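Let me begin by presenting the structure, written as structure tokens, before commenting on it.
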Amino acid sequence: MPDDAGKISLAWELPHPPAKVWRALTDPNLVAQWLMKTDMPAECGKAFTFRQDSTPFWDGIVHSEILELESNRRLRYTWKGGALETVVTWTLVQVAGGTRLELEHSGFKPENGQAYAGCQDGMGRNVGERLAAALAALA
């Protein structure tokens, strides 16, 4: 893990308005296209899960709870799976030509090095490629 240990910070410039990016972050059917299957509710304080196929190292389930929900601006939720107990924060900033999408995934501990690397690579790929494709396909 880097010296600013405990946190992944990534950002993307997307050629779509914040409302469209927000839909892709909060609509369970759209989230399933770029991240994982989910039953995410659009309500603060509600629990939900992300699910994918299990691996020998992980059951494939992330337990989450919405901590903050500010439409078209900010989404924050817990991310608990395996040995991880972290928080994911998405911030949308309207910019000329679209949206700057910022991700902060915080709360990693030194013993979470493998999960940290996996989350950083996975989010980079999922958002940079799969979310971009899901957004391009949205009307």
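The values are calculated or read from the model by the stated rules, or taken from the named source; none is laboratory data. Here the structure is a predicted model, which is why all the values come from computation and not from measurement. Quick reminder, even Gly has a Cβ in these numbers, built from the backbone with ideal geometry, and neighbours come from all protein chains shown. To get the accessible areas, we keep the full protein, side chains included, count just its heavy atoms, and leave off ligands, DNA and RNA. Shrake-Rupley method; radii C 1.70, N 1.55, O 1.52, S 1.80 Å.
With angles folded into 0 to 90 degrees, how steeply does helix 113-125 sit against the dominant principal axis of the chain? Use alpha carbons for both and round to 10. Rounded to the nearest ten degrees, it is 20. Counting lysine pairs in the chain whose alpha carbons fall under 17 angstrom apart, excluding pairs fewer than 8 residues apart on the same chain, gives 6.
Within the accessible surface of the chain, defined with a 1.4 Å probe on protein heavy atoms only, the carbon and sulfur portion equals 49 percent. Net charge of the neighbourhood of A42, taken over other residues with C-beta under 12 Å away and scored Lys/Arg +1, Asp/Glu -1, is -2. For the pair E102 and W58, the difference between a 0.36 nm per residue extended length and the Cα-Cα distance amounts to 13.2 nm.
With a cut-off of 14 Å between beta carbons, the residues surrounding R100 carry a summed charge of 0, where Lys and Arg count +1 and Asp and Glu -1. Using C-alpha pairs under 8 Å with a sequence gap of at least 6, the mean separation divided by the residue count of the chain gives a relative contact order of 29 percent. For segment 89-128, the residues whose backbone nitrogen is under 19 Å from a point 7 Å from the Cα of R74, taken along Cα to Cβ, are 89-95, 99-107.
Rounded to the nearest whole Å², what accessible area per residue is found for segment 27-139 with the 1.4 Å probe? Write out the running numbers ahead of the final one.
Values: 6080 Å² over 113 residues.
That works out to 54 Å² per residue.
Projecting each Cα onto the charge dipole of the chain (Lys/Arg +1, Asp/Glu -1 at the beta carbon, about the Cα centre), which of A24, A11, A139 comes out farthest on the positive side? Selected residue: A139. With 0.36 nm allotted per residue and the present C-alpha distance subtracted, the E111-A11 stretch has 33.5 nm of extension available.
Here are several values of P(r) over Cα pairs in 10 Å bins from 0, in percent: [x] 13, 48, 33, 5, 0; [y] 11, 35, 37, 16, 2, 0; [z] 12, 44, 36, 8, 0. Which one was derived from the coordinates shown? Answer label, from the structure shown: [z].
Placing +1 at every Lys and Arg Cβ and -1 at every Asp and Glu Cβ, with all other atoms neutral, what dipole size does the chain have around its Cα centre, in debye to the nearest 20? Intermediate results must be reported in sequence, preceding the final value.
Details: 14 positive and 17 negative charges, 70 e Å.
Dipole magnitude for the chain comes out near 340 debye.
Are there trypsin sites (Lys or Arg not before Pro) in segment 40-75 that DSSP marks as loop and that have at most 14 other Cβ atoms within 10 Å, and which are they? Write down the numbers at each step before the final one.
Working: sites: K46, R51, R73, R74; in loops: K46, R73.
Here the sparse-neighbourhood loop sites are K46, R73.
Just to confirm a number: summing +1 for Lys and Arg and -1 for Asp and Glu over residues other than A11 whose beta-carbon lies under 10 angstrom from that of A11, what do you get? Please list the in-between numbers first.
Working: positive: R100; negative: E13, E102, E104.
Around A11, the surrounding residues sum to -2.
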